[in-house]
Amino acid sequence: MNRATQALLDEYQKSIRELIFVIQNISDQQLCKIVDHETQDQECRSIQTILTHVIASGYSYTVYIEHSIGIHSTRPEPKIFETINPYITALNAMFEYCLQCFKLHPNVVIEEHDPLKKINVKWGQQYDIEQLMEHAIVHILRHRRQIEHFIFKLSEDRI
């Protein structure tokens, strides 16, 4: 595996560790409580829905990469948990799935300039593998921040 790929994986793992640090002490009530009653995005109403979304998305990024290198895989179905520990386990498993993809294909080209060889994702963007991994990292960071705000709101409610 080249240094650029290893750096991306290190940062991805770091973002996941930071998220786990933020969520590790969340109570079952806090996990499941709807915090954002106004959002139209059903995946961002509670910490539970956010974590379910983050894990499903993480698998999707790796499956996109696998498809781009000729591996036909399927993303696991999203799972909803009622306690925090299964989410922590699932976040680590999601990262391990991604790591294994790169370990099995250490010479995969991550930077692609040819638009015809870019990965087309369902939300309409085109990425090469490097850009998709960068997106995956920032996706974790953005939702970690969102969860931190939810935790603050929940602490104000004394839940």
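The values are calculated or read from the model by the stated rules, or taken from the named source; none is laboratory data. Everything numeric here is computed off the predicted structure, so don't read it as measured data. So basically every Cβ, Gly included, is an ideal-geometry build from the backbone, and we count neighbours across all protein chains shown. Heads up: the accessible areas ignore ligands, DNA and RNA and are worked out on the full protein's heavy atoms, side chains in. Shrake-Rupley method; radii C 1.70, N 1.55, O 1.52, S 1.80 Å.
A few points about this structure:
- Between Gln40, Gln48, Gln24, Gln29, the distinction of being modelled with pLDDT under 95 and either under 27 Å from His149 (Cβ atoms) or within 13 Å of the chain's Cα centre (by Cα) (or both) belongs to Gln40 only.
- Whenever a residue of the range 3-19 is without any contact (Cβ under 8 Å) to a residue 40 or more places away in the chain, it has no partner that is open to solvent by less than 80 Å² (accessible area, probe 1.4 Å) and not charged (D, E, K, R) lying with C-beta atoms less than 8 angstrom away and at least six residues away or across chains.
- Selection count, the range 105-149, where residues are hydrophobic (A, V, I, L, M, F, W, C), part of a helix (DSSP H, G or I), open to solvent by 50 Å² or more (accessible area, probe 1.4 Å) and under 26 Å from Tyr87 (Cα atoms): 2
- On the stretch given as the range 4-26, residues that are open to solvent by less than 10 Å² (accessible area, probe 1.4 Å) and out of contact with any Lys or Arg (no Cβ under 8 Å at 6 or more places or on another chain) total 5.
- Some residue of the range 74-92 being free of Cβ contacts under 8 Å to residues at least 12 places away in the same chain, of a type in the set (Lys, Arg) and buried (at least 16 other Cβ atoms within 10 Å of the Cβ): no
- Any chance Phe102 is closer than 24 Å to Glu18 by Cα, in a helix (DSSP H, G or I) and open to solvent by 70 Å² or more (accessible area, probe 1.4 Å): no
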